[in-house]
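Here is the structure we will look at, set down as structure tokens.
Every number in this text was worked out from the coordinates using simple rules, so none of it is lab data. Computed from a predicted model, the values in this text were never measured in an experiment. Heads up, the Cβs are rebuilt from the backbone with ideal geometry, glycines too, and the neighbour counts pull from every protein chain shown.
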Amino acid sequence: MDRREVAAVLAYIGCLDPRTIRTGTGDARDQIAQWQELLDDVPFATAHGWDVREAIRAHVLDSPYPILPVDIARKWRAHRRDRLDRHTDPTPAADPDDPATWRAELLRSRNAVAAGVAAPSTHRHIASGGRPRDIEERLRSIGSCIPPAVRAELDRYRPAHAARETTVAKGVPDALSVRCEWCHAPAGAACRQRRASPDGAARGNAVRATPHPSRVDLATARMDPHRAA
């Protein structure tokens, strides 16, 4: 800011906080010189997000102490640092084999963002929003986000799940939708082998590829109550 802009800033502060007003001509001149020394690299306003009046208003509302030039300078530095943190360097148009020109273009871009002349480039950020329309249409056509070829490969490693999907597709009751009364497997879990040892204790915990017949009967009864009757 130049002396004229600093004088305008002090006049604005005086309207919000009369404690900062200097009535003497010499005192006002010295105050302008002091503030201009500390705010020389701080812009009055930029095209992208900075206005010194907003910083002054926020300080008057938040702090009981009179505002000092260093308070404004610190707010500007924090604002500039935040802009640079949100900036992603766009690929320079310069020849990458010319490192000096390449670096100079990057510096000009960053300096423009830091000074508020240009907006931060965020083209690499993940954009919010729903899935693209073509993805929605493809999901409706195939019925699943897993392509059929991939699902067929996965079925080799999850035979119980594959058998369950095949059963449901044929319209047969899903036995895994109910709890197995024989091996006590909860709903959604595959049945387990239950073998009795000579002393009568249960042993064996291998996963069965197919559910126990009693579990199938229970699922059928849940699906068709008239059959159970």
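Summarising the amide proton neighbourhood of residue 42: residues at separation of 5 or more, or on other chains, whose placed amide H is nearer than 5 Å comprise an empty set. With K and R counted +1 and D and E -1, the other residues having a Cβ less than 10 Å from that of residue 66 yield a net charge of -1. Mean projection of the Cα convex hull over all viewing directions, computed for region 3-85: 5.5 nm². Look at 67, 32 and count the other Cβ atoms within 10 Å of each Cβ; fewest to most, that gives 32, 67.
Charge tally for residue 161 (other residues, Cβ to Cβ under 12 Å; Lys, Arg +1; Asp, Glu -1): +1.
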